[in-house]
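Okay, structure first, notes after.
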Amino acid sequence: MKIFVLVKEVPDTYGDRKLDLETGLADRAAGDVVLDEITERALEVALSHADKNEGTEVVAVAMAPEGSTASVRRALAIGAGSAVHIADERLVGADLGLTAEVLAAAIRRGEPDLVIAGNLSTDGSGGVMAAMLAEHLGWPHATALTTVEITADGISGTRAADAGAQPISASLPVVISITEALPDARFPNFKGIMAAKKKPLEVLTLDDLGVSADPAEAPRTIMTAVSEKPARAAGVKIVDEGDSAQKLVDYLAENRLV
């Protein structure tokens, strides 16, 4: 079985994150970048299956700037057998639509049996990539899984719902996304880090994938405005003068909190 795992480089949530107010894009120079934790968990799902099933091939796939090699290598250090890095200047500012088209082209090229993604990235928080890929590929999809079991013929799992849990199953090939309910990724050890330097890492461009993209049209959606997040305002201070309880109730009522 061949499993593609979509991994993504994102700004570190523990560091500074800023938008370029002219382009509306994340300013990658403003802080550190890391491999998104949810995509590491997706990688762990694939590796756990590979540990128990000899002959399973796990490939990490990333669409990221040329300078993101270290993040892709981390996926190899964690345990992926090889990686595909899609890097092309024409993809700067790509939105979800173009990203899905490009990733779908890479998936068709690699012909995996299963594609695993995180359900929600920590930067864009789109939450629709797995479904969009399935639409492009004509495959079934099972999203936001809190448990997952992979067999030679398909997958089964559970999706949390407001009223309980939804059991889900699908035949291969299929696209799935997982949530943070799945286990943390294993930590890359020294042996894995050294091995990652020798593992295959294929760098592809849009031309390699047969996808055309005009740099001026990379974002296929229209951004109407962008502004910096306003500074946090001071809260309301209630001084107890014998009527603090009433003041608190009035405040909650005025802000429709009760």
Checklist line | Sole exception among (1) touching a residue at least 24 places away in the same chain (Cβ under 8 Å); (2) under 13 Å from the mean Cα position of the chain (by Cα); (3) not in a strand (DSSP E or B) for Ser125, by number | finding: (1)
Note to self: Looking only at the stretch 1-49, how many residues end up being of a type in the set (Lys, Arg) and part of a loop (DSSP other than H, G, I, E, B)?
What the structure shows: 3
Next item on the list: Hand me the list of helices (runs of 4 or more DSSP H) wholly inside the stretch 170-258 holding 3 or more residues that are among the aliphatic types (A, V, I, L, M) and in contact (Cβ under 8 Å) with a residue 40 or more places away in the chain.
Entry: 190-196
Next item on the list: Would you mind finding the one in Ala50, Ala105 that is surrounded by fewer than 23 Cβ atoms within 10 Å (Cβ to Cβ), closer than 27 Å to Phe190 by Cβ and either under 15 Å from the mean Cα position of the chain (by Cα) or not aromatic (Phe, Trp, Tyr) (or both)?
Entry: Ala50
Note to self: List the residue pairs whose Cβ atoms are under 9 Å apart, where the first residue sits in the stretch 73-97 and is on the phi < 0 side of the Ramachandran plot and in a helix (DSSP H, G or I), the second is surrounded by 18 or more Cβ atoms within 10 Å (Cβ to Cβ) and among the acidic types (Asp, Glu), and the two are 6 or more positions apart or on different chains.
What the structure shows: Arg74/Glu40; Ala75/Glu40; Ile78/Glu40; Ile78/Glu44
Notebook entry, point to check: Hey, does the stretch 108-115 have a residue that's within 21 Å of Ile155 (Cβ to Cβ), part of a helix (DSSP H, G or I), modelled with pLDDT of 95 or more and touching a His at 6+ places or on another chain (Cβ under 8 Å)?
Noted result: no
Check: Going by the structure shown, is Val128 within 19 Å of Ser177 (Cβ to Cβ) and at pLDDT 95 or above?
Finding: no
Notebook entry, point to check: Is the stretch 130-153 home to any residue that is at positive phi and either part of a strand (DSSP E or B) or among the basic types (Lys, Arg) (or both)?
Noted result: yes
Check: Among the residues of the stretch 76-93, how many are hydrophobic (A, V, I, L, M, F, W, C) and surrounded by fewer than 19 Cβ atoms within 10 Å (Cβ to Cβ)?
Finding: 2
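The values are calculated or read from the model by the stated rules, or taken from the named source; none is laboratory data. This is a predicted model, so every value here is computed, not measured. Backbone-built Cβ (ideal geometry, glycine too); neighbour counts: all protein chains shown.
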